[in-house]
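Here the structure comes first, spelled out in structure tokens, and everything after it is commentary.
The values are calculated or read from the model by the stated rules, or taken from the named source; none is laboratory data. Being a predicted model, the structure only gives us computed values, none of them experimental. Glycine also receives a Cβ, built like all others from the backbone with ideal geometry; neighbour counts cover every protein chain displayed. Just the protein is used for accessible areas: all its heavy atoms, side chains included, with ligands, DNA and RNA removed. Shrake-Rupley method; radii C 1.70, N 1.55, O 1.52, S 1.80 Å.
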Amino acid sequence: MQTKIPQTSAVMSALLRADFTTLWRNRRSLRLVLLVPVVIVISWKGMVNMMGGAYVLSGGITIGLISIGLLGYTNSIARDRDKGVFQRLRVGPVAAWTIMSSRILVQIATIMAMTIAIFAVGNLVDKIVLPPLGYVTGFFAAVLGGALYLSLGQLIVGLIKNPETVNSTTRLVYFIFIMVGMLGNFGVLGDVVKESIQWSPYGVVNRVIATALQPETWNLQATYALLATLGYTVIFGVLGIRFFKWN
């Protein structure tokens, strides 16, 4: 009796179809996650003339990345693990990396859609017009920043097993990043906090995206922020994979 093992491409295709179907069936929560950055971009319309269009767009994209990486990805992983979805998948001839890769690819697709939506809203509502190269480099910078928050979400769900605790932790981290990050950038919390925020995950992602939207302004500080983004992503990702439990 022969046992047929499906090809990796067939497994990935099936997993992607299932994960995109799940995302579509939960589109109400997806709309809520995507609504936050769009509202931010619209409400910051008055800041376009003062701070520039790139600043407004980068702020909206950064907040959207936090929403997707922490509220979307992390909670879905914790929920499926608690329901035994991963246990059932690993019983079959499915490599562990294909399961997680499928989930991450779905989130990256969401990040791409969110970034395009931010660009469209910024252009139609806020009348923000950037050079074509700025949109291209900003798009890839958003995907890179999204990888940081996905790895941070992986770390949280790796360290915490209880789904309710994961949910409360991600909401707390989300609130800290949003409130402290935005207020710190404006200097409301003092110079020390402002300087610290610049090199936090929020600050480096925001700087990389804002500078990428205006590639002619790229400087040494942006390069350091890019290296910090890559460093955060690698550290969070390695620790998240190391401590993650499938059940």
Task: Two-site FRET efficiency, Trp24 against Leu220, from Cβ-Cβ distance with R₀ of 35 Å, rounded to 0.05 - done: 0.20
Task: Full-extension gain in nm, Ala109 to Leu32, via 0.36 nm per residue minus C-alpha separation - done: 26.1 nm
- [ ] Note the count of lysine pairs whose C-alpha atoms are less than 22 angstrom apart in the chain, limited to pairs 8 or more residues apart or on different chains.
- [x] 4
- [ ] Report, in cubic angstrom per residue, the convex hull volume of the C-alpha atoms of segment 1-115.
- [x] 100 Å³
- [ ] Once you have the Kirkwood Rh of the chain from its Cα pairs, apply Stokes-Einstein at 10 °C and 1.306 mPa s and quote D in µm²/s.
- [x] 84 µm²/s
TODO: Over the chain, average the accessible area per residue using a 1.4 Å probe and give it in Å², no decimals.
DONE: 52 Å²
Task: Percent carbon-and-sulfur accessible area, the chain, ignoring ligands, DNA and RNA, probe 1.4 Å - done: 67 percent
TODO: Before rounding to the nearest 500, sum -39500 (n - 2.57) across all DSSP H runs of length at least 4 in the chain and divide by the residue total; then give [θ] at 222 nm in deg cm²/dmol.
DONE: -26000 deg cm²/dmol
Open item on the list: At 1.4 Å probe size, put Glu164, Glu195 in order of accessible surface, largest to smallest.
Closed with: Glu164, Glu195
TODO: Report, to the nearest 10°, how far helix 163-185 tilts away from the longest principal axis of the Cα atoms in the chain, using its own Cα long axis and a range of 0 to 90°.
DONE: 20 degrees
- [ ] Compute the longest continuous run of the chain that contains no exposed trypsin sites (Lys or Arg not before Pro); treat a site as exposed when its DSSP state is not H, G, I, E or B and it has at most 13 other Cβ atoms within 10 Å.
- [x] 128-244
